[in-house]
Every structure is written in C-alpha cells, then in structure tokens.
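A short write-up of the structure that comes next.
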Amino acid sequence: MKFLWTTINVKSLDESIGFYSDLLGLKLLKRFPAGAGMEIAFMGNGIENETLVELMVDSNNNAVNFSEFISIGFAVDSVDAMLNTVKSKNIPVQSGPVDTPSSKFFTIKDPNGLNVQFFQQK
C-alpha cells in the first residue's frame, strides 16, 4: 500500500497554492473543479511516486479548522536557512527551533492554520 496524498481544506486556493509554491517550492501539478463550489489542486515536486499535498476549497463550507495535534512536515537541508526564509516573509514561528542530538526543527502555520514543520536530520 502506498500513501498517496494529504488533503488540506483551505479558505483560498490561490493563497494556499502561493504559500506552498513560494515558501516550499512545490509545483502545481493539477488543478480542477470537483463539483458545485469545489476545486482541488495537487502540489508536489513532480517526482514519480511521491506523496502529494492536495488542497481543496469548498465555497459552500468556509469553515476550516485544524487540531493543534495535526501537522505536516517537510525535510530541509538547513533549518537555519529555512528559518531565515520564513522570517524574511514575515511568517511567525509557532514553535522552535528545537535542537536534539539527531535533528533540528521548527513549526509555522500555513494560511489556513495548519501546522507546518521544517525538519533537518543531523
């Protein structure tokens, strides 16, 4: 069995695509209508068999809520470099950076309130 994607309900598809594209470098792979008032976008690196981020907006339901216990994580070569990028875009850091013997990481929120963690393996 293969893990295909994580679906994130979003308030604004354009804003969310911009966030995941500009900050994380993900590419918009597909964007299409998915029924009355719904639209879906798949984002990734364009690598075969990768796990994707699915962004879904539903104009019939504007409520978007995430538990503080849910997050998505992205590997980075340097937490310090990513921290500088995040700060240069005036995105607040929610937690960290945390430095352990084997890793370093910090967390921000995406435009919809979802925790996004940047993780560096040492």
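The values are calculated or read from the model by the stated rules, or taken from the named source; none is laboratory data. Since the structure is predicted, the reported quantities are computational estimates derived from the model, not experimental observations. In this analysis, Cβ positions are derived from the backbone assuming ideal geometry, glycine residues included, and neighbour counts consider all displayed protein chains.
Taking F66, is it in contact with a Gly (Cβ under 6 Å, 6 or more places away or on another chain) and of a type outside the set (K, R)? In short, yes.
Just to be sure, is Q94 touching a residue at least 12 places away in the same chain (Cβ under 8 Å), closer than 20 Å to G25 by Cβ, not acidic (D, E) and not assigned by TED's automatic domain parsing to the domain that holds L55? Step through it out loud before you land on a result.
On the way: touching a residue at least 12 places away in the same chain (Cβ under 8 Å): yes; closer than 20 Å to G25 by Cβ: no; not acidic (D, E): yes; not assigned by TED's automatic domain parsing to the domain that holds L55: yes.
Against the criterion (touching a residue at least 12 places away in the same chain (Cβ under 8 Å), closer than 20 Å to G25 by Cβ, not acidic (D, E) and not assigned by TED's automatic domain parsing to the domain that holds L55), Q94 does not qualify.
Listed by first and then second residue, the pairs with beta-carbon distance under 6 Å, at least 6 apart or on different chains, first residue in the stretch 6-29 and farther than 17 Å from S88 by Cβ, second of a type in the set (S, T, N, Q), are V10/S16; V10/N112; K11/N112.
Close contacts from the stretch 76-88, counting a first residue that is surrounded by 13 or more Cβ atoms within 10 Å (Cβ to Cβ) and a second that is among the β-branched types (V, I, T), with Cβ to Cβ under 8 Å and a gap of 6+ residues or different chains, come to M82/V76; L83/V93; V86/V93; V86/I108. Scanning the stretch 15-29 for residues that are surrounded by 12 or more Cβ atoms within 10 Å (Cβ to Cβ) and part of a helix (DSSP H, G or I) yields E15, S16, I17, G18, F19, Y20, S21.
Filtering F42, F32 for residues that are exposed (fewer than 12 other Cβ atoms within 10 Å of the Cβ), assigned by TED's automatic domain parsing to the domain that holds F3 and part of a strand (DSSP E or B) leaves a single hit, F32. Restricting attention to the stretch 81-109, the residues that are in a strand (DSSP E or B), β-branched (V, I, T) and over 16 Å from Y20 (Cβ atoms) add up to 1. When the stretch 45-66 is filtered for residues that are part of a loop (DSSP other than H, G, I, E, B) and closer than 25 Å to K2 by Cβ, the ones remaining, listed by number, are N45, G46, I47, E48, N49, E50, T51, F66. Scanning for something touching a residue at least 12 places away in the same chain (Cβ under 8 Å), farther than 21 Å from S12 by Cα and of a type outside the set (S, T, Y), does the stretch 50-72 turn up at least one residue? Within the stretch 50-72, none of the residues are touching a residue at least 12 places away in the same chain (Cβ under 8 Å), farther than 21 Å from S12 by Cα and of a type outside the set (S, T, Y). Go through the stretch 12-50 and count every residue that is at pLDDT 90 or above, under 21 Å from I70 (Cβ atoms) and touching a strand residue (DSSP E or B) at 6+ places or on another chain (Cβ under 8 Å). Of the residues in the stretch 12-50, 12 are at pLDDT 90 or above, under 21 Å from I70 (Cβ atoms) and touching a strand residue (DSSP E or B) at 6+ places or on another chain (Cβ under 8 Å).
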